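The values are calculated or read from the model by the stated rules, or taken from the named source; none is laboratory data. Because the structure is predicted, anything quoted here is derived from the model rather than measured. Quick reminder, even Gly has a Cβ in these numbers, built from the backbone with ideal geometry, and neighbours come from all protein chains shown.
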Amino acid sequence: MGEAIEVRNLWYIYPNGVVALKGINLEIRLGEKVAIVGPNGAGKSTLIKHFNGLLKPTKGVVRVFGVDTRKTTVATLARRIGIVFQNPYHQFFSEKVWDEVAFALKNFGFPEETIRHRVTKVLRLFDLYDYADRSPFTLSSGEMRRLAMASILAYDPDIIVFDEPTVGQDRFHKEKIREYIKLLSSQGKTIILVTHDIDFVVEEFDRLIVMSEGRIIADGAPREILYNEEILTKASLILPQIPRLVKYSEIPFLLKHKPLTEDELLIAVLGILRGDGGRC
Amino acid sequence: MPIIEVDNLTYYYPGSSKPALANISLNVEKGDFLLITGPSGSGKSTLVRTFNGLIPHLFGGRFEGKVLVKGKDTRYCSVAELSKTVGIVFQDPENQILTLSVEREIAFGLENLGLPRKVIRERMEKVLKDLNIVHLRERIPIELSVGEQQKVIVASIIAMMPEVLVFDEPTAHMDPLSALKFLELVHELNKRGYTVVVVEHRLDLVAKYANKIIILNNGRIVVKGEPRNILPSDIAEECGVDVPRYIRFFKRISNLAKISRYPISDEEAAETLKEVLGYGRSY
């Protein structure tokens, strides 16, 4: 059926009475790359916690690969959908970086040899191999985030949810995360990214979901959404850097072209400099 | 006299044979807005932990050279004493939260300073308003979103009125609009006379407020100076600093168009773009 995740009229009310989700409808197809943005408190984290059954709907249905999350266990769902949470402190419990990554693999019953191979691979991939014997809690916060990612990716789930992976990462590691997302996507994985890093989104994602106050207020192509003032205001978003520059410049040709990235702006500007752009 | 003076500081965490900081020397003058950036693991957080004595007092390790806060050697002052001058807001607010209400959280430090009840009240009202968190006053801090928690922590520190405010990636967990507003607030505090040190990756939002920038890499200061001169340099790019997109963009077209001065804010970048494209003063 091609649906990785299907959300129907999802409401969620926390035990303290806070209504965090108010009628969410959403389909995410297999192999899709989707970014979810919105201000703090919009319900983004609450929503993704429904994807692996950590939270169950107060009302409505969430299906993952066609299975109602209320009718299965978190452990079963976790095998196919991995969530890399934003606060790595909450995720670690092993004494060594190596064991942290090996933990889920052991639980899922992978053979020793496979575990050794996979742990080595992901630790190298995330520049953590030299820290294999260190305690996760001695890492810098950027390194902790990479460790959180490594321990999920080691067991190779079909859907990977990244909750703010670029926070505290320098440009090199952002590049690395970007490359890794690309790689996962090319392998047919479904990627869901929850982020505030709108510049990262425009350079990598073709579907953007905007949440505000427990609702989805926009769902579509980043270019249309990010040049729409009304949505931006409603979602307390600020423009990514390049659209911001275009907006401040008020140059009609560029406003019409709506460049999102450095490369797109460069092409548009070269057009104007060469004289085939629409100077008015 | 500089308010913070770091003199040839080299520091090793306990059990580590590689220095986390190596031969660091820098001065923070009264009124400065110092921006510290650099790749992850470069020593940014370690450096700011030396400003109020957390290093070496809490972390131990090998500490060579010295850090002076208002002329006092941090090795011989307690963290409590130094905290009256230097207040630090760390990146993970959850680790700094102590109490069960926002009001209590803000009052905690003030009570420890032994201030009269009336003063505590006044300061609390002021910081709640300044940080736009009046509506959160009775909430339980750990139940707030991380961005809101960070504001609560900041409020509790500002309430104690230290002379230097140090922010270690304060906006890491905030949405962009909150980050923008928060950094405006930091700028405002700086204008009101606070000396400010900010560790940040979001240079596009903060660089324009800083009068000094330091780029750290592998525990060393690789370059320091004015943001406008430093950010367009190749060295900034080479050590993985998230140079604002507009600076990268103008560097890329600099062989096609003359860039007289690199911009340091959105507004300046827009002006530069118009200049380059000949949308001159008529606009």
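Quick notes
Listed here are the residues, each with its yes/no results for (1) under 17 Å from B:Lys44 (Cα atoms); (2) assigned to a helix (DSSP H, G or I); (3) within 13 Å of chain A (Cβ to nearest Cβ).
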residue	(1), (2), (3)
B:Val196	yes, no, no
B:His201	yes, no, yes
B:Ala207	yes, yes, yes
B:Ile215	yes, no, yes
B:Val223	yes, no, no
B:Asn229	no, yes, no
B:Ala236	yes, yes, yes
B:Gly240	yes, no, yes
B:Ile247	no, yes, yes
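- Against the test of being among the polar types (S, T, N, Q), over 30 Å from B:Thr171 (Cα atoms) and in the same structural domain as A:Ile36 (by TED's automatic domain parsing), the options A:Thr138, A:Thr120 yield a single qualifying residue, A:Thr120.
- Selected residue [under 25 Å from B:Leu216 (Cβ atoms) and of a type in the set (Ser, Thr, Tyr)] from B:Ser233, B:Ser260: B:Ser233
- In the stretch B:1-19, the residues that are over 20 Å from B:Gly60 (Cβ atoms) reach residues that are among the aromatic types (Phe, Trp, Tyr) with C-beta atoms within less than 8 angstrom, at least six apart or across chains, in these pairs: B:Ile4/B:Phe51.
- Any hit, the stretch B:162-178, residues being closer than 30 Å to A:Ser212 by Cβ, more than 14 Å from every other protein chain (Cβ to nearest Cβ) and either hydroxyl-bearing (Ser, Thr, Tyr) or outside any helix (DSSP H, G or I) (or both): no
- Residue list for the stretch B:263-283, restricted to those being at the interface with chain A (Cβ under 7 Å from one of its Cβ atoms) and under 29 Å from the mean Cα position of the chain (by Cα): B:Asp266, B:Glu267, B:Ala269, B:Ala270
- Residues of the stretch A:121-171 classified as outside any helix (DSSP H, G or I), more than 14 Å from chain B (Cβ to nearest Cβ) and either closer than 17 Å to A:Leu193 by Cα or of a type in the set (Asp, Glu) (or both), total: 7
- The set of residues in the stretch B:179-194 that are more than 12 Å from the chain's Cα centre (by Cα) and within 14 Å of chain A (Cβ to nearest Cβ) comprises B:Ala179, B:Leu180, B:Lys181, B:Glu184.
- Against the criterion of being under 20 Å from A:Leu265 (Cα atoms), β-branched (Val, Ile, Thr) and surrounded by 22 or more Cβ atoms within 10 Å (Cβ to Cβ), B:Ile214 does not qualify.
- Some residue of the stretch A:81-93 being within 21 Å of the chain's Cα centre (by Cα), more than 30 Å from B:Gln96 (Cβ to Cβ) and either among the basic types (Lys, Arg) or assigned by TED's automatic domain parsing to the domain that holds A:Ser185 (or both): yes
- Qualifying residues in the stretch B:10-60 (those that are in contact with a Ser or Thr (Cβ under 6 Å, 6 or more places away or on another chain) and within 11 Å of chain A (Cβ to nearest Cβ)) - the one farthest from A:Asp170 (Cα to Cα): B:Ala20
- Every residue from the stretch A:236-272 that is surrounded by fewer than 15 Cβ atoms within 10 Å (Cβ to Cβ) and either among the aromatic types (Phe, Trp, Tyr) or in a helix (DSSP H, G or I) (or both): A:Pro252, A:Leu255, A:Lys256, A:Asp263, A:Ile267, A:Leu270
- Set B:Val102, B:Val152, B:Val79, B:Val127: member being aliphatic (A, V, I, L, M), closer than 22 Å to B:Val48 by Cβ, buried (at least 17 other Cβ atoms within 10 Å of the Cβ) and more than 14 Å from chain A (Cβ to nearest Cβ): B:Val127
- Checklist (1) under 22 Å from B:Tyr246 (Cβ atoms); (2) charged (D, E, K, R); (3) within 14 Å of another protein chain (Cβ to nearest Cβ) applied to A:Glu204, failing item: (3)
- The set of residues from the stretch B:165-180 being touching a residue at least 24 places away in the same chain (Cβ under 8 Å) and either within 24 Å of B:Thr99 (Cα to Cα) or surrounded by fewer than 21 Cβ atoms within 10 Å (Cβ to Cβ) (or both) comprises B:Leu165, B:Val166, B:Phe167, B:Asp168, B:Glu169, B:Pro170, B:Thr171, B:Ala172, B:His173, B:Met174, B:Ser178, B:Leu180.
- Within the stretch B:2-58, considering residues that are part of a loop (DSSP other than H, G, I, E, B) and at positive phi, the one surrounded by the most Cβ atoms within 10 Å (Cβ to Cβ): B:Gly38
- Scanning the stretch B:69-126 for residues that are over 23 Å from the mean Cα position of the chain (by Cα) and assigned to a strand (DSSP E or B) gives no hits.
- Check on A:Glu213, out of contact with any helix residue (DSSP H, G or I) (no Cβ under 6 Å at 6 or more places or on another chain), at negative phi and surrounded by fewer than 19 Cβ atoms within 10 Å (Cβ to Cβ): no
- Failed item, numbered, when A:Ser185 is tested on (1) polar (S, T, N, Q); (2) surrounded by 20 or more Cβ atoms within 10 Å (Cβ to Cβ); (3) within 18 Å of the chain's Cα centre (by Cα): (2)
- Extreme residue, nearest to the chain's Cα centre (by Cα), among residues of the stretch B:249-262 that are within 9 Å of chain A (Cβ to nearest Cβ) and not aliphatic (A, V, I, L, M): B:Phe249
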